[in-house]
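Written below as structure tokens is the structure these notes are about.
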Amino acid sequence: MTKKVLAPVPFVSRFQMEAIFKIMNEKYSIDSIQMMENAGRTLAHLASMLFLENKPEFKKILILTGTGGNGAGVLTAARYLHNHGAQITVFTTREPEQLSPETARQLEALIAMNCRVIHGMPELAFYEHFDLIIDGILGCNINGEPYGWAKTFIEMVTETEVPVLSFDIPSGIDPDKGMIYPKYIKPTATMTIGLPKSSFAIPETRDILGRLFVADIGIPPDLFKQYFPDIDTTGLFSLSEIIEI
């Protein structure tokens, strides 16, 4: 169940989120693996509820992942959806040894569970039928126009009518300035983590996001009070761990 929030919700820059993650790790001993586990489990729940009628068994889901934290989040979601009976296919933009440690760890779990994992993309794979695509190609650390397999994956998504759920931010969108690169994903829905990103307040970017959800990943309220007194999250997730704004 999600909660619809009509009151003002604070927006944060990528640098603020990076600082928040660092403080969570150093002061509260909440590391990136824990955060991505929370985020991925919530993403799987939202995917099932929003697109699969809470019946993920036998549904075919394509997971698109890059090398960074977004990849870890969507691969964690893939693990939960697999556990619930979904048929998972993963396309990665790089070989396993080129992934971040968190992403590689989640990928190893999926391989051990005999999920279909492909590095790059086989010819004609675009034409397989999928019930849902989950986008974790590029995240908030995007630096310049997408290229290589990331660009190819984005082009594929723009040509399909399959519903798309983007994790944290649609691939090809800058989180702060709202820059929209020539190749970008326009999802059916976006689930961002912690708080919405600064560019989401820009009308041109907001129009791209589809339905916008924010997921609680366990950021302590005291963190905001102590380090970011201008950011008020009081009661934001009191009724639901996922809110729609």
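The values are calculated or read from the model by the stated rules, or taken from the named source; none is laboratory data. Quantities reported herein were computed from a predicted structural model and do not represent experimental measurements. For neighbour counting, all protein chains shown are included, and Cβ atoms are generated from backbone atoms with ideal geometry for every residue, glycine included.
Observations, loosely collected:
- Breaking point among (1) within 18 Å of residue 108 (Cα to Cα); (2) in a helix (DSSP H, G or I); (3) in contact with a helix residue (DSSP H, G or I) (Cβ under 6 Å, 6 or more places away or on another chain), for residue 63: (2)
- Annotation for segment 75-84: at least one member residue is surrounded by fewer than 19 Cβ atoms within 10 Å (Cβ to Cβ), modelled with pLDDT of 95 or more, outside any helix (DSSP H, G or I) and not hydroxyl-bearing (Ser, Thr, Tyr).
- Any pair with Cβ under 6 angstrom, 6 or more apart, that starts in segment 156-172 at a residue that is in contact (Cβ under 8 Å) with a residue 24 or more places away in the chain and under 17 Å from residue 192 (Cα atoms) and ends at one that is of a type in the set (Phe, Trp, Tyr) and in a loop (DSSP other than H, G, I, E, B): 172/181; 172/184
- In this structure, residue 46 qualifies as under 28 Å from residue 231 (Cα atoms) and modelled with pLDDT of 95 or more.
Conditions (1) under 29 Å from residue 179 (Cβ atoms); (2) in contact (Cβ under 8 Å) with a residue 60 or more places away in the chain; (3) not small (Gly, Ala, Ser), marked per residue:
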residue: 202; (1), (2), (3): yes, no, yes
residue: 207; (1), (2), (3): yes, no, yes
residue: 212; (1), (2), (3): yes, no, yes
residue: 216; (1), (2), (3): yes, yes, yes
residue: 220; (1), (2), (3): no, yes, yes
residue: 223; (1), (2), (3): yes, yes, yes
residue: 235; (1), (2), (3): no, no, no
residue: 244; (1), (2), (3): yes, yes, yes
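- Residues that are among the aliphatic types (A, V, I, L, M) and surrounded by 15 or more Cβ atoms within 10 Å (Cβ to Cβ) within segment 199-229 comprise 202, 208, 209, 212, 214, 215, 217, 219, 223, listed in sequence order.
- Residues in segment 109-125 that are at pLDDT 85 or above and at negative phi: 109, 110, 111, 112, 113, 115, 116, 117, 118, 119.
- Search result, residues across segment 143-195 that are among the charged types (D, E, K, R) and more than 19 Å from residue 47 (Cα to Cα): 145, 151, 155, 159, 174, 176, 177, 183
- For segment 146-181, a residue qualifies if it is touching a Gly at 6+ places or on another chain (Cβ under 7 Å) and acidic (Asp, Glu), and exactly one does: 168.
- Residue within segment 49-59 that is surrounded by fewer than 23 Cβ atoms within 10 Å (Cβ to Cβ), of a type in the set (Asp, Glu) and either under 19 Å from the mean Cα position of the chain (by Cα) or under 27 Å from residue 221 (Cβ atoms) (or both) present: no
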